[in-house]
Every structure is written in C-alpha cells, then in structure tokens.
Amino acid sequence: MDLAINNGKIVEKINENKAKVIDASGMIVMPGGVDIHCHIAGTDVNTGRLLRPEDHFRDVEAKTAVTRSGVGYSIPSTFTTGYRYSRMGYTTLMNPSMPPLEARHTHEELEDTPMVDKATYPLLGDWWFVLEHLRDGLIEECAAHVAWIMAATRGYAIKIVNPGGLEAWGFGSNVKSLDDTVPHFNITPREIIRGLCKVNKLLNLPHTIHVHTNNLGKPGNYVTAIETMKCVEDLAEENRPNIHITHCQFSAFKGSDWQTMSSGAEEIAKYVNHHNHVTLDMGQVIFTNTTTMTADGPFQYGLYQLSGNKWVNHDVETETSGGIVPFTYRRKSAVNATQWSIGLELALLIKNPWKIYLTTDHPNGGPFTSYPTIITWLMSQAARKKTINKIHKRARRNSLLTSIEREFSFYEIAIVTRAGQAKTLGLTQKGQLGVGADADVAIYNVNHKLVDPSKKYKKVRRAFKKAAYTIKGGEVVVKDGEIVKTVSGKTFWVDVKTSLPLEVNDDLKRKFREYWTVEYENYPLRKGFLHNPAPISIKAEV
Amino acid sequence: MVIILHPKRLFKVPVEAESISPDAFDEKSVNEIGMLQVWEGKRKRILGELFKIEHKTDDASEKTTIRISGDVSKVRRIGTKMSMGKIIIDGNIGMHLGEEMEGGLITVTGNADSWVGGTMKSGTIEIKGDAGDYVGAAYRGSTKGMNGGTIIVNGNAGNEVGCFMRKGLIKVYGNVGQFAGIHMRKGTIFVQGHSEGRAGAQMRKGKIIVCGNIPSILPSFTVESIKPKVKIDEEKVAGPFYMFVGDRAEGGEGKLYVSQKQNQHLSFYNKYL
C-alpha cells in the first residue's frame, strides 16, 4: 500500500515521478506519536531544571550540523526534548499543567520545543472564580469564564489537579475525599469535578476534563479514583467519554498504609471495562532516578517527607500550587515495584486499548525516553518476566502480572501511543493516516511479519527507540534515528465562540486588582504572542 | 612506561583534559597520545598542540606513569575515571583532579584547586601543598560524594571537605575551612590542624576528627563522652577527644571528635557528661 503526501497532508494520489519516494517495505508505518500528558514546559519544569544540576551533568548532547546542544536526563532542555521525541517518532505533545498566571512562560518554552505540535492545559480545578461560580450554581457564567481563560492563556483543555486540595493547601490542609469541604469556599471536590464536566460539555471542548484525582499517591486511593469516575457517570452521553483520569497508576493503590500497599488495578479495570465514559493514561513507573513535579503541592510535600530529598513547594497565588522532588524508583522497594506492576496491570486488564494510553507522566514516573521499554513490556510476557524476576519479593508475590497472558499487537500499540490519544484529545487530524490527515508519520524498522514481538522484544525496543523515518508536516525530519531537519510545530488552542461576551465583569476585575500580582489588563496573552498558533474554532452552547 | 608532559605555553583559559589519564595513554605511542582530544576554552585541540610529549621506558614499572612538569594550574579533569597507573604532577594543578577516579595514584607536589577527587570510588590522591574547596565532594546538586579511596592533603584544605562523602578516608594535615564533612553519609575525615567551624553539618553517619581548634560545635550535636584516643583505619590518634554525635536535626548518628586540649573554650560541655 502506498501513502501519498502533499503540502503537509495525506492525499489520495500524487504523481510518483515528481515525488520523493521512501521505501518502507518490511517496516511498520504509523501516524506520528501523540503524548497526552508530558510535563515538558513551564515553570514547574524549569524550576526542576534549576534544582537539579546533577541531572544535566549525567546526560549531555553535543550540537550537530542541524541540532542544538542540550542537557538533561529526566528534564531535558526544550530543544533536546523536541529532538528526543522526534527520534522516537512522536509528533504531538500535550503539556498538562499550566498555572494560568504562568501562561507566558509556558508558551515561550513550548515555542522553543521544536519538531512537534503542542498544546497545554490550564489548571482550573482550584481557580477562585471557578470555585465561586460553581458554589453559586452559575454553570453558564462559569462556562463563559472558562472560555475567557482558554483564550487568555491559549489553553486547550480543562485540567483539574486534586480539586479543592490545592486551595486548601494554601492554608496548610488538604481534602481527603470527594465530599470534604474546601475551606473558605463551601464547595466539595465532587461539585468541582461535576461542575467543570458540565462546563466542558457546554463549551464543546475537544478534550474531556483531564483529572488528577484527590488523594493521589496514598494507599487506598483506588476508591477515590473509582468514585471520581462514578461522579460524572450520569453526565455521560451516548457512550462518549467525559472524563480522563490521568496517570492512573498513582491513583490505584490499595491497602491502608505503605506496609500493606498493593494494587487496585483490578478494581479500576473492572469499572472501566463496564463503563464507556472514562479514558485513562498509565503513568507507568520506570526504575530510574527521575524528577517528580506536579501541581499537587500537598502530595509533593508528602513525597519530600518520605524521601528526604531536596524539594520545592509553591503556592501560585489564587490559582493552584506546585511541587518538585527528585526521586529514585527502586526495584527492591516493595512500594515502587508494586507501582511498576500497577501501571502495566491497568494497561493489560483494561480490554479496550482505546480507553488507556501509554504515558509515564513524564518525568514523574520516568523520562519519556523509556517509552520503547514500556512498549516491550506490553508486547512481551518474556520481557515482563525478566523485570519481575528482579523486583522486590513481596511486590512480585502480589503482582497480578504473573497471571496475565495478554500481549499487545502492533495495532494495539498504535492505538495506545497515538490513535487513542488523538481521538480522546479531539485532534481529528492526528493519530490517523486517512486522506486529509496531517502528514505526521513514523516509520519503524521492524517487520511485523517476520519478528515475533513477544520473543524478539529487544529488536522491537531498538526499532521504537530510533525511528527509521519521522515525517512531520510532510517533511522528513528524522532518518535512522538522527535528526536531519529541524522544524517548529504549531501550538493548538481552543477559540471558543460564545454568545456571552468573553470578558470578566467589573466585580472580577476588582478582584484581579486586589488578589493578583498581575493586573487584569496585562493578564491575557495578546494576539501575536504565539508565533505559530493553530486556533481550533468551536461554537459553544452558551 | 613513563610519559612526560611539558606545557608548551602558559594557558590563559581553562583546559579540559579528561584524556590525560593512564587508561587513555596505555599502550599508545607518543604520536597517538599527541592526537588525543582536549578542549582549550571553546576550542577543540589535540594534546600535541598544548604539550610536548616525552616517552621514557627506563622505568621498571609496568603500569603507565604520567609525569607533568610545568604550570598546569589551568588544566582541569586530569585523571578522570582513571583505574590504574600513576600521575605525578610537579607543580600546581587545576580543578577536578581525579574526578570519578577508580584506582591508581595521583601525586601533586604543589597545590591543587577545588574538587580534588570529586565522586572518586577508589585509589589514592596525595597533595603535598594545599587543596581548594570541595575535596572528595559530590557533584553540584548530587547526593553521591566520594565513595572510597584515600585523599591526603599535606597543606590546608578549603570549605566543604567531604561533602556527601559515602566511604573512604580524607586526611588533612593542615587546617580546613568551614563545613568539613557536610551531608556526610559515611567514611572518615581526619584534620590535624584547625577547623573554621560548622564541622559535620547535616551529617548522618561517619567520623570527623579535629585535632586542632574549632570555634564552636553546631547546636544540633550532643556531647556523648571523652575518648582517650580515636582509631583511623589501623592507626590510632592520641587524644583526649570530646565525642559529639549528630547531626540530630537530620536524625544523624555521625561522630565528631574534637581535641579537648586545643579547645578549652568547650569545657562547658563537661557538665553534660
């Protein structure tokens, strides 16, 4: 079968005599990879870089004729991030946590991340106006306000991190369940998630709400994860997803403390297998030294107390919080090994690959450069067994992996690494190779007819590590795992057309003056701030 | 074999010379050694451009010995990751001497700059003169310091000697600056001379011996007893010494021995014994 590309799009036919021809026979051709959740830009990532000179020291890339130099293993510099993703055949990245106040910084770094198209999600689960609107039951006003934020920050989707908990963290506390009240706001996490889910529907946003659950990283939190999915069950329509639980591995712990901590993957998989309104991503853990960074301040503080490592914690004014702690996941730690097992159990026990996607929550579970290794774990029982034999005894005994025989096919890998992610993100041009799609193509040098991935997993890993070709927007940017051309990608954002005007009222302007360090007039990104914007026009129902 | 390097000129900008190590020189001819790569500032050079290289075989030793005579105080990272052989430096030497060293011997007749034996794993470094800051320390931001081997400084050493040290022995026969043994995890630091204070800050385990004067002990250390002598490997140092344990702020169990005779101002600790 031939694939024709013209003007950066996949087309029906092209004059072969005039075109450049790439012979991909005996190779696997996939759409360019899509990463739904990777921290690659913004204040948290950059503070992580500042915090960890030793992370740069251990991984250095020299400049070449076409690429710039760069450093960093778990938090590489922006250019290097783009190159490394491109070498693995990825072409679209989603940066999941942007405090609206830091939108400028985030977009500036995203613009310096070459080779890929990107977008970023503003953090809205603890944004004061959202909390106030939802408390007063003003869903439509809240929707108009969210539409304004999307335009003001050039955002793509609604990101909710530990709803209510981050606001409480500003006062030194946290919320422990979906029905705890957020101090000073008289609202519960359940109301925030349900409210923003309704807002998401009213605005017709391409992606669902993107939720990092309450109680993340605590034993017994799988109950919270299931309750979070349940709480928007009645809002679902025609089997369409309306909630995305991100890095689900960190929300799937069973047990009452760290000594009894075990996997809750089975229960979560059971729920997801019976319900169609949920999508997940893995948040797989890799045994390595990495840098954890989330907007979940209280969780990061807990991690600091556990590890005793250096740490950063931050309260972003009225919007959100953040924290960074370097962390080493160890094979011989029962908890870390169980975490490793949970991620894979989730992916293997959830029957429909369109519901779960491959991520490491880069860099929280491990750097994105480990995706090829995860692919081999998914495709080969032998590869899994090899690692299981090396992990902590108790974790090995409790792991469900030994009893799971499922092995992913290349088609399923294509779904969990690109097609599924593009679908749930509403990026219709990505994750597919139909006529009219963006010409983002990854070609891997492995013959699916000759190579049995369950046995020759090392060969598969090598192939996915270094794409034979990566084509971005119709141009060959990677050949044999080396960058041959650098391109700068587009930045997607949602331009929501509402009938209500996209402005905040005088009361809110007054609050901006009183509580923010940035004045309302200076707050939104102006037209022309992004050099390569790709607004997606959407008509809202308000 | 013995290789002698003479700098051809005075270096004005730092020279990064990871390739000057017995492992890199081993079984190479003078011409081949001359082709090894070094950086002078931002410029890529070959060793032969910067040094006159002399080959002597009359030495009976089988292992490669490198002798550097001349001013190399701007040359960094000599002996990085070396695992065997000998480097002898007649004069002063620049930063990061013997970084990540895995074996062998380095001798410096003059002074050494900072980061001597940073993150070294094994082997011996001996400095006849003074050493700069961060002797046997971890790389910036890292928690993995010196992990074995011996560093001997006959002169003075600077601040943060043995930062994040995990194993091994550092002996300073002169004085040390502030924060000797900061973040120390294990291992031994022996100071014959005085300390500028704050010794053992945030240490968790290990041993620091100060035979000279120390202005004060950190408040997060508790006095345990008076010891007549302290053992360092096979050797015994006569005291008496106050033994402090800390850093309690880190839940540490490290031991800080301070000479009783040299520190009369610490006599108020006697009432806590």
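Taking every DSSP beta bridge with both residues inside the stretch B:114-272, roughly what % is antiparallel (nearest 5)?
About 40 percent, rounded to the nearest 5.
Could you give the size of the charge dipole of the stretch B:108-208 about its Cα centre, using +1 on the Cβ of each K and R and -1 on the Cβ of each D and E, expressed in debye and rounded to the nearest 20?
Result for the stretch B:108-208 is approximately 660 debye, rounded to the nearest 20.
Quick one, could you list the DSSP H helices from chain A stretching 18 Å or more along their long axis (Cα atoms) with average Kyte-Doolittle hydropathy of -1.0 or above?
Both cut-offs are met by A:139-153, A:189-203, A:334-349.
What FRET efficiency would be calculated for the residue pair A:N352, A:E266, taking the C-beta separation as r and a Förster radius of 22 Å, to the nearest 0.05?
Efficiency at R0 = 22 Å is approximately 0.85.
Looking at A:M1, A:A383, A:V60, which one has the Cα that reaches farthest to the positive end of the dipole of the protein assembly as shown (charges on Cβ: Lys, Arg +1; Asp, Glu -1)?
The Cα lying farthest towards the positive end belongs to A:A383.
What FRET efficiency do you get for B:T57 and B:K128 if R0 is 22 Å and r is their Cβ-Cβ distance, rounded to the nearest 0.05?
Working from the Cβ atoms, E equals 0.25.
Shape call for the stretch B:63-169 from the C-alpha gyration tensor, a ≥ b ≥ c root eigenvalues: rounded (a/c under 1.5), prolate (a/b greater than b/c) or oblate?
In terms of gyration-tensor shape, oblate.
Starting from the 7 Å offset along Cα-to-Cβ, what nm value, one decimal, do you get for the label separation of B:S216 and A:D507?
Result: 5.6 nm between the two label points.
Taking every DSSP beta bridge that has both residues in the stretch A:4-494, what percent is antiparallel when rounded to the nearest 5?
In the stretch A:4-494, approximately 60 percent of DSSP beta bridges are antiparallel ones.
Mind putting a number on the dipole of the stretch B:114-272 about its Cα centre? Charges go on the C-beta only, +1 for Lys and Arg and -1 for Asp and Glu, and I need it in Debye to the nearest 20.
Roughly 440 debye for the stretch B:114-272.
To the nearest 20 Debye, how big is the dipole of the protein assembly as shown about its Cα centre, given +1 on the beta carbon of each Lys and Arg and -1 on that of each Asp and Glu?
For this selection, approximately 2440 debye.
Out of A:P114, B:G129, B:F11, whose Cα points farthest toward the positive end of the dipole of the protein assembly as shown (charges: +1 Lys, Arg; -1 Asp, Glu; placed on Cβ)?
B:G129
With an 8 Å cut-off on Cα pairs and a minimum separation of 6 or more residues, tell me the relative contact order of the stretch A:4-494 in percent.
22
For the stretch A:105-255, report the translational diffusion coefficient in µm²/s to the nearest whole number, using Stokes-Einstein at 10 °C, 1.306 mPa s, and a Kirkwood Rh over Cα pairs.
The calculation lands on 100 µm²/s.
For A:R397 and B:E250, what does the FRET efficiency come to when R0 = 35 Å and r is the distance between their Cβ atoms, rounded to the nearest 0.05?
0.55
Distance from the Cα centre of the stretch B:181-217 to that of the stretch A:243-265, in angstrom?
44
Mind sorting A:S25, B:S225, B:S21, B:S69 by how few other Cβ atoms lie within 10 Å of their own Cβ, fewest first?
Ranked by crowding around the Cβ, least crowded first: A:S25, B:S225, B:S69, B:S21.
I'd like the mean, over residues of A:26-36, of how many other protein chain beta carbons sit within 10 Å of each residue's own Cβ.
0
Counting each pair of different Cα atoms once, what's the Kirkwood radius of the stretch A:275-421 in Å, rounded to one decimal?
Roughly 16.2 Å, rounded to one decimal.
Going by Cα centres, the stretch A:209-241 and the stretch A:46-81 are how many Å apart?
Cα centroid to Cα centroid, the span is 35 Å.
Set the bar at 27 Å for Cα to Cα. Now go through A:K270/A:K497; B:K86/B:K205; B:K28/B:K86; A:K230/A:K355; A:K118/A:K310; A:K351/A:K430 and name every pair that lies beyond it.
From A:K270/A:K497; B:K86/B:K205; B:K28/B:K86; A:K230/A:K355; A:K118/A:K310; A:K351/A:K430, over 27 Å: A:K270/A:K497; B:K86/B:K205; A:K118/A:K310.
Just grab the label-to-label distance for A:A62 and B:E234, each label 7 Å out from Cα along the Cβ direction, in nm (one decimal).
4.6
Distances longer than 17 Å among the Cα atoms of the stretch A:242-304: what percent of all pairs is that?
In whole percent, the long-distance tail amounts to 54.
How high is the relative contact order of the stretch B:40-185, in percent, with contacts defined as C-alpha pairs under 8 Å that are six or more residues apart?
Dividing the mean separation by the residue count of the stretch B:40-185 yields 14 percent.
Counting pairwise Cα distances across the stretch B:150-273, what percent come out greater than 25 angstrom?
Taking all Cα-Cα pairs of the stretch B:150-273, the fraction more than 25 Å apart is 10 percent.
Given 0.36 nm per residue, what is the gain on full extension from A:S173 to A:T486 after removing their alpha carbon distance, in nm?
Residue separation times 0.36 nm, minus the Cα-Cα distance, leaves 108.0 nm.
Hey, if you put +1 on the Cβ of every Lys and Arg and -1 on every Asp and Glu Cβ in the protein assembly as shown, which of A:Y329, A:I158, A:M293 ends up farthest toward the positive end of that dipole?
Projecting each Cα onto the dipole axis, the largest value belongs to A:Y329.
So what's chain B giving for Rg/Rh, alpha carbon basis, Kirkwood Rh from the mean inverse pair distance?
1.05
How much mean residue ellipticity at 222 nm does chain A get from its helices, if each DSSP H run of length 4 or more adds -39500 (n - 2.57) and you divide by all residues, to the nearest 500 deg cm²/dmol?
-9000 deg cm²/dmol
Kindly identify the stretch A:187-344 as rounded, prolate or oblate by the Cα gyration tensor criterion: order the square roots of the eigenvalues as a ≥ b ≥ c, call it rounded if a/c is under 1.5, otherwise compare a/b with b/c, prolate if a/b is larger, else oblate.
Taking the square roots of the gyration eigenvalues as a ≥ b ≥ c, the stretch A:187-344 is oblate.
Residue by residue through A:51-57, how many Cβ atoms from other chains fall within 10 Å of the Cβ on average?
Other-chain Cβ atoms within 10 Å of each residue's Cβ, averaged: 3.
Return the whole-Å distance between the Cα centroid of the stretch B:18-38 and the Cα centroid of the stretch A:525-542.
Cα centroid of the stretch B:18-38 versus Cα centroid of the stretch A:525-542: 58 Å apart.
Over the stretch B:55-137, what is the mean sequence separation of C-alpha contacts under 8 Å (at least six apart), divided by residue count, expressed as relative contact order in percent?
The normalised contact order for the stretch B:55-137 reaches 23 percent.
Assuming a ≥ b ≥ c are the square roots of the Cα gyration tensor eigenvalues, decide whether the stretch A:116-174 counts as rounded (a/c under 1.5), prolate (otherwise, with a/b larger than b/c) or oblate.
Because a/c hits 1.5 or more and a/b fails to exceed b/c, the stretch A:116-174 counts as oblate.
Kirkwood Rh over Cα pairs of the protein assembly as shown into Stokes-Einstein at 10 °C, 1.306 mPa s: D in µm²/s?
Roughly 54 µm²/s, to the nearest whole number.
Kirkwood hydrodynamic radius, computed over distinct alpha-carbon pairs, for the stretch B:208-273: how many Å, to one decimal?
12.0
Give me the distance in nm between label points sitting 7 Å out from Cα along the Cα-to-Cβ direction at A:K13 and A:T428, one decimal.
Output for this residue pair reads 2.6 nm.
Quick note: the coordinates plus some simple rules give every number you see, no bench work behind them. None of these values were measured; they are calculated from a predicted model. In this analysis, Cβ positions are derived from the backbone assuming ideal geometry, glycine residues included, and neighbour counts consider all displayed protein chains.
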